[in-house]
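The values are calculated or read from the model by the stated rules, or taken from the named source; none is laboratory data. Everything numeric here is computed off the predicted structure, so don't read it as measured data. Note: ideal-geometry Cβ built from the backbone for every residue, glycine included; neighbour counts use all protein chains shown. For accessibility, only protein heavy atoms count, side chains too; no ligands or nucleic acids. Shrake-Rupley method; radii C 1.70, N 1.55, O 1.52, S 1.80 Å.
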Amino acid sequence: MTKRGNKARAREIVRRLDPLYVELTTGLNYSSPLELLVATILSAQCTDERVNMVTPALFAQFKSAQSYASADPQELETMIHSCGFFRNKTKNIQATAGALVERFGDKVPASMQELITLPGVARKTANVVLAHAFNRNEGVAVDTHVQRLSRRLGLSNQKEPQRIEADLMALLPRELWGRTSDVLIWHGRRVCSARSPRCGECVLADLCPSAGIV
């Protein structure tokens with residue numbers, strides 16, 4: 001398929017998926033950029049559902065970056081224990097919060113260049129925060145669902161998230177980058193699962209080179 005054809009197919013994939021998940025964006029509950037940043041850090045190797053069970057008490061207790069930075073680490077570890085890797089996540093949250101206080105006036109920065117300087121924040125986390133807290137498309141958040149669907153749909157043959165992201169950014173217009181991640185994630189959860197994809201129910205079956213063979 002030509003480069004132009006690949007771009008057209010990628011846009012058609014997003015066009016078909018968008019109305020299916022029209023009211024769904026990130027699966028994380030939050031009410032501020034800081035809350036989304038913390039929730040996204042907690043979501044590493046953890047389900048959004050589990051994170052959303054933990055964050056109401058966490059967000060009620062800690063209202064600012066300063067409050068996270070000065071918290072008793074053991075208290076934080078106890079509160080986020082069920083999210084897994086709680087010691088490392090506590091260190092990342094507190095180190096990030098300290099950096100926000102010291103360098104960004106206790107505020108979450110709204111640029112990729114600044115966000116990825118924060119401890120424990122790579123492009124995936126930064127893309128989630130930028131797209132959903134600031135409505136800025138600076139890339140495509142590539143989690144395990146996006147990685148799997150991108151390969152199954154023939155949008156990328158890469159294995160590294162950053163290379164998959166680059167392929168998706170080249171195929172799709174900037175205004176669709178954030179939405180592309182959302183719809184691929186939800187479709188991966190609801191239809192194109194890792195072990196038993198429901199190809200017979202998929203609106204992308206005619207566009208998917210993997211339909212019926214995975």
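Computed values, structure above
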quantity	calculated
Sulfur and carbon atoms: percent of accessible area, the chain [1.4 Å]	50 percent
Structure-based [θ]222 nm, the chain - -39500 (n - 2.57) summed over DSSP H runs of at least 4, per residue, nearest 500	-17000 deg cm²/dmol
Accessible-area value, TYR30, 1.4 Å probe, nucleic acids and ligands omitted, Å²	80 Å²
Solvent-accessible surface ranking, highest first, for HIS81, HIS132 at 1.4 angstrom	HIS81, HIS132
Separation between Cα centres of region 134-204 and region 1-42, rounded to whole Å	8 Å
Table column - 3J(HN,Hα) (Hz), region 45-58, Karplus curve with 6.51, -1.76, 1.60, x for Gly and Pro	6, 8, 6, 4, 4, 5, 4, 5, 7, 8, 5, x, 5, 5
Relative contact order computed over region 61-214 (Cα-Cα under 8 Å; 6+ residues apart), in percent	16 percent
Solvent-accessible area per residue for the chain (1.4 angstrom probe, square angstrom)	51 Å²
Region 88-187, dipole about Cα centre (Lys/Arg Cβ +1, Asp/Glu Cβ -1), debye to the nearest 20	280 debye
Pairwise label distance in nanometres, ARG16 with THR78, each label 7 Å out on the Cα-Cβ vector	5.2 nm
Solvent-free Debye scattering, log10 I(q)/I(0), computed from the Cα coordinates of the chain at q = 0.08 Å⁻¹	-0.30
Whole-Hz ³J(HN,Hα) from phi, Karplus 6.51 cos²θ - 1.76 cosθ + 1.60, for region 78-87, glycine and proline x	5, 5, 10, 3, 6, 7, x, 6, 5, 5
Vicinal HN-Hα couplings computed from phi for region 159-165 (Karplus, 6.51 cos²θ - 1.76 cosθ + 1.60; Hz; Gly/Pro x)	10, 7, x, 5, 6, 4, 4
Nearest-0.05 FRET efficiency for ASN52 and ASP106, computed from C-beta distance (R0 30 Å)	0.75
Dipole magnitude of the chain, debye to nearest 20 (Cβ charges: Lys/Arg +1, Asp/Glu -1, about Cα centre)	880 debye
Loop-located trypsin sites (Lys or Arg not before Pro) in region 128-166, at most 14 other Cβ atoms within 10 Å (DSSP)	LYS159
Most to least accessible of LEU20, LEU34 (protein chains only, probe 1.4 Å)	LEU20, LEU34
